[in-house]
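Report on one structure; see the data block that follows.
The values are calculated or read from the model by the stated rules, or taken from the named source; none is laboratory data. These numbers were taken from a predicted model, which means no experiment stands behind them. All Cβ positions, glycine included, derive from the backbone under ideal geometry; neighbour counts span all protein chains shown.
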Amino acid sequence: MNSQTRTFPSTRDAVTDASTFVLDAAETLGLSDEVREAMLLVVGEAVANAAGHGNGYDASKDVTVVCAVEGGEARLCVEDEGEGLPPERLDGATLPDDPFQTSGRGMFIMTTVADRVWLEADGRRLCLAWPHSAS
């Protein structure tokens, strides 16, 4: 597996810092523009959820982001130190009824944009994958 990993404190700045990291890592890993754009779209949602919901924006707790190429897939995994996401949150990911609601879209966006989404580490690690062919 070819991968790049970086850890961020659970602050609001983690979203911007993780986005920059993912763009750099995706380029280093030779991912296509399409996969890079998809990763950039979801990493903000995933890191915001991990830092806020998982770690309660406690800067002493980390959010770890991994970009990897493994088994014909480009993967993005985001892990927090919280209690973990229940698996049914992935299955029931829908848009909120109120289009002006400011939260509740993240899981829907992630499950729609990624080719495959799953949980690891008792729900503390959210992983997303897209097809990748070696260049």
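Key figures for this structure:
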item: Thr94 outside any loop (DSSP other than H, G, I, E, B), out of contact with any strand residue (DSSP E or B) (no Cβ under 9 Å at 6 or more places or on another chain), at pLDDT below 95 and more than 15 Å from Ala48 (Cβ to Cβ); result: no
item: Residue match in segment 45-56 (condition: in contact with a Lys or Arg (Cβ under 8 Å, 6 or more places away or on another chain) and surrounded by fewer than 16 Cβ atoms within 10 Å (Cβ to Cβ)); result: no
item: Checklist (1) assigned to a helix (DSSP H, G or I); (2) surrounded by 21 or more Cβ atoms within 10 Å (Cβ to Cβ) applied to Asp17, failing item; result: (2)
item: Evaluation of Arg36 against (1) among the charged types (D, E, K, R); (2) crowded, with 16+ Cβ neighbours inside 10 Å; (3) more than 17 Å from Val117 (Cα to Cα) (one fails), failing number; result: (3)
